[in-house]
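Below is one structure, written out as structure tokens; comments come after it.
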Amino acid sequence: MKTALSRRRLAALPFAVLLLGAGAAFAQETVKIGFTGPLSGGAALYGKNVVNGMEMAIKEINAAGLEVAGKKVKLELVALDDKYAPAEAAINARRLVQQHQTPAVFVPHSGGIYAMQAFNEQEKFIVMAYSSTPKITETGNKLTIRIPPTFNSYIEPFTRYEMKKYGKKVGMLPGDHEYAKNWSALFEPAWTKAGGTVVSNNPMSYNRSADFYSGVSRVLAEKPDVLFIGGPSEPTALVAKQARELGFKGGFLIMDQAKLDEMAKVTGGLAPLEGAIGVLPVSYDDRAGPKAFAAAYRKAYGADKDPTTESSYNYALVHALAGAMKMAGTTTDAAAIRARIGDALIQLPEKTNAGSFKGVDAVGGTIVDPLVATVDGGKVRPVSLSELMK
């Protein structure tokens, strides 16, 4: 004969089963998205800009709700500092994949990208590569997305502009990191082919130094008309500032890693950057996607915080990655997700397409028509590459 206690336990069973069913219905999978990049040292701001854009996107995606193959998914960012070192980037990537099961790892420097491409196909994760080095998508790596356009499209118009405005003698003062080496290797012969002369080439460590006077002085002794400079924004700005303090009156040809608006904060305004040419800062881009992103970024991080291309492009690609997961019906199959990123980019709403992306090409590079800028009369002047080539 059943006791009163056993009868109460039996009566409670249906309610318990209902609770378990409800728990299953609302179960949420957490998917980690990886980042490895410089979060300390001279390039720390550069890395933080990438992380800011990624964090913004993840918060928006989670707030809107993401569902993949009928299951609710929450995204979570795991960001590791690699101090701009390729070997550290590779170690971090393995940790992210093995410990956190990240299907994709974002990395904003070419040395780290190359290091990860040595094993990402075997370990089945996507390299979300923020670098404009053409070689990244020339290797045939099937699990790589190159986020920005290749920098070789900038070289000829930038060269033409500076030669016409200042003269044909260039002094090279790039960073000594892998990305700057790649830029330099293409820039130097292009400048010579255009009829110019490279009077000096003195790479410097932009990530470990804050005093560039000796290196800048050495190059200025050869009396260049133009200085070719570039690395993360803050040290690049210091190079430009110290060149002006040492009496340089010419123009600056700035590789796309450095951003004019961030540089102006170090140089004390745009006046010391007069005659410079570089990529257009996001805050000066009036296209719908970049403009919406700039407003959202300032709301998230402060009215005085200007967004950068690193922030906006990586923000858009996190949104595209989430969209690709939904289209592919998986959060773990890297090949299936990679195959749908182009479709996801095309379908991004205008307000989240912060780079005005038009898809992904056959080798894994995004399709985008970037704007560039000059500093003329103390103001940033947007200009298209086609205008510069006239």
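Per-structure values
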item	result
Boolean, VAL318 is crowded, with 23+ Cβ neighbours inside 10 Å and within 30 Å of GLU156 (Cβ to Cβ)	no
Candidates ILE147, ILE155 - the one that is surrounded by 22 or more Cβ atoms within 10 Å (Cβ to Cβ) and aliphatic (A, V, I, L, M)	ILE147
Within region 321-332, considering residues that are open to solvent by 20 Å² or more (accessible area, probe 1.4 Å) and among the aliphatic types (A, V, I, L, M), the one nearest to VAL127 (Cα to Cα)	ALA328
Hits in region 293-315 (condition: within 21 Å of SER384 (Cα to Cα) and open to solvent by 10 Å² or more (accessible area, probe 1.4 Å))	THR309, TYR313
Region 82-103: number of residues that are in contact with a Gly (Cβ under 6 Å, 6 or more places away or on another chain) and either open to solvent by 70 Å² or more (accessible area, probe 1.4 Å) or of a type in the set (Ser, Thr, Tyr) (or both)	2
Hey, GLY196 modelled with pLDDT of 95 or more, open to solvent by less than 30 Å² (accessible area, probe 1.4 Å), touching a Pro at 6+ places or on another chain (Cβ under 6 Å) and more than 19 Å from PRO86 (Cβ to Cβ) or not	no
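To keep it simple, each residue is scored yes or no on (1) at positive phi; (2) in contact with a strand residue (DSSP E or B) (Cβ under 6 Å, 6 or more places away or on another chain); (3) open to solvent by 10 Å² or more (accessible area, probe 1.4 Å); (4) at pLDDT below 95.
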position	(1), (2), (3), (4)
LEU77	no, yes, yes, no
LEU80	no, yes, yes, no
VAL105	no, yes, no, no
GLN122	no, no, yes, no
ILE126	no, yes, no, no
LYS135	no, no, yes, yes
THR139	no, no, yes, yes
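Quick grid of which residues meet (1) part of a loop (DSSP other than H, G, I, E, B); (2) charged (D, E, K, R):
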position: LYS32; (1), (2): no, yes
position: PHE35; (1), (2): no, no
position: SER40; (1), (2): yes, no
position: LYS48; (1), (2): no, yes
position: ALA57; (1), (2): no, no
position: GLU67; (1), (2): no, yes
position: ALA89; (1), (2): no, no
position: ASN92; (1), (2): no, no
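The values are calculated or read from the model by the stated rules, or taken from the named source; none is laboratory data. Predicted model only: the values in this text are computed from it and were never measured. Positions of Cβ are backbone-derived with ideal geometry, glycine not excepted, and every protein chain shown enters the neighbour counts. Ligands, DNA and RNA are stripped out before the accessible areas are found, and what is left, the full protein with its side chains, is counted by its heavy atoms. Shrake-Rupley method; radii C 1.70, N 1.55, O 1.52, S 1.80 Å.
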